[in-house]
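See structure below.
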Amino acid sequence: MNYKFGIVAALVCVSAVSYARNDAVYYDFQKHVQAAIQDGSIDGSVKFYLQGAPGNSGTIITKDLVTNKKSSAMTLPEEQRCAYVLKSALIQLHNRAKSEGATKVINIKSFYKKNTYSDPNKYECHVGNTTVGVTLKGDLAK
């Protein structure tokens, strides 16, 4: 009897894993940067530039800085969940830039599981069944 229960339990676990979600979605980066400035999460003194975007230049202070943020804010719509996690990443980059005397973060690209996604307007967010994640890689600059 216990043997049959173990087989059934294993099959249930395997089927649950096979339906695990990990979808890449893409949202407007500057829209969410401006929202973070407007709500006071960051003060606007540090500028953020995706790789390939206008203004993406400067003297690099720190190269290849990575931030990896996740959340389980399941009650929000998908884009808001991604914006929430992006805001957390922006706060970390903002604080690090200010502490190192940088005025901007340049060459920002998505770096989920060390795979680069670069777009001059959009960032990549990964949405799973229970978590949302944003990984960014960029350079601090003046």
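Please determine, by comparing only the residues of the range 50-61 that are touching a Lys or Arg at 6+ places or on another chain (Cβ under 8 Å) and of a type outside the set (Gly, Ala, Ser), which one is surrounded by the most Cβ atoms within 10 Å (Cβ to Cβ). Write out each step before concluding.
Step one: filter the range 50-61 for residues touching a Lys or Arg at 6+ places or on another chain (Cβ under 8 Å), giving 50-51, 55, 58-59, 61.
Going one step further and asking which of them are of a type outside the set (Gly, Ala, Ser), we end up with 50-51, 59, 61.
Numbers: Leu50: 25, Gln51: 18, Thr59: 11, Ile61: 16.
Per the stated criteria, the residue is Leu50.
Which members of the range 114-142 meet the condition of being in contact with a strand residue (DSSP E or B) (Cβ under 8 Å, 6 or more places away or on another chain), surrounded by fewer than 16 Cβ atoms within 10 Å (Cβ to Cβ) and at pLDDT below 95?
Within the range 114-142, just Gly128 meets the criteria.
Within the range 27-62, track down each residue that is modelled with pLDDT under 95 and among the acidic types (Asp, Glu).
If the condition is that a residue be modelled with pLDDT under 95 and among the acidic types (Asp, Glu), then no residue fits.
What's the total number of residues in the range 18-43 that are under 18 Å from Leu140 (Cβ atoms) and surrounded by fewer than 13 Cβ atoms within 10 Å (Cβ to Cβ)?
Counting residues in the range 18-43 that are under 18 Å from Leu140 (Cβ atoms) and surrounded by fewer than 13 Cβ atoms within 10 Å (Cβ to Cβ) gives 1.
In this structure, does Ser72 turn out to be under 16 Å from Cys125 (Cα atoms) and within 11 Å of the chain's Cα centre (by Cα)? Break it down stepwise before answering.
Working: under 16 Å from Cys125 (Cα atoms): yes; within 11 Å of the chain's Cα centre (by Cα): no.
So Ser72 fails the test.
Among all residue pairs at least 6 apart or on different chains, which show Cβ distances below 9 Å where the first residue, located in the range 29-50, is among the basic types (Lys, Arg) and the second is part of a loop (DSSP other than H, G, I, E, B)?
As it stands, the answer is Lys47/Gly55; Lys47/Thr103, since those pairs meet every condition given.
Hey, could you check the range 64-110 for residues that are of a type in the set (Ser, Thr, Tyr) and over 13 Å from Ser41 (Cβ atoms) and say which is surrounded by the fewest Cβ atoms within 10 Å (Cβ to Cβ)? Working first, answer last.
Our first condition is that a residue be of a type in the set (Ser, Thr, Tyr); within the range 64-110, this holds for 67, 71-72, 75, 84, 88, 99, 103, 110.
Now restrict to residues that are over 13 Å from Ser41 (Cβ atoms): 67, 71-72, 75, 99, 103, 110.
Values: Thr67: 20, Ser71: 16, Ser72: 10, Thr75: 7, Ser99: 9, Thr103: 15, Ser110: 23.
That would be Thr75.
The values are calculated or read from the model by the stated rules, or taken from the named source; none is laboratory data. Because the structure is predicted, anything quoted here is derived from the model rather than measured. Positions of Cβ are generated from backbone atoms using ideal geometry, with glycine treated the same way; all protein chains shown enter the neighbour counts.
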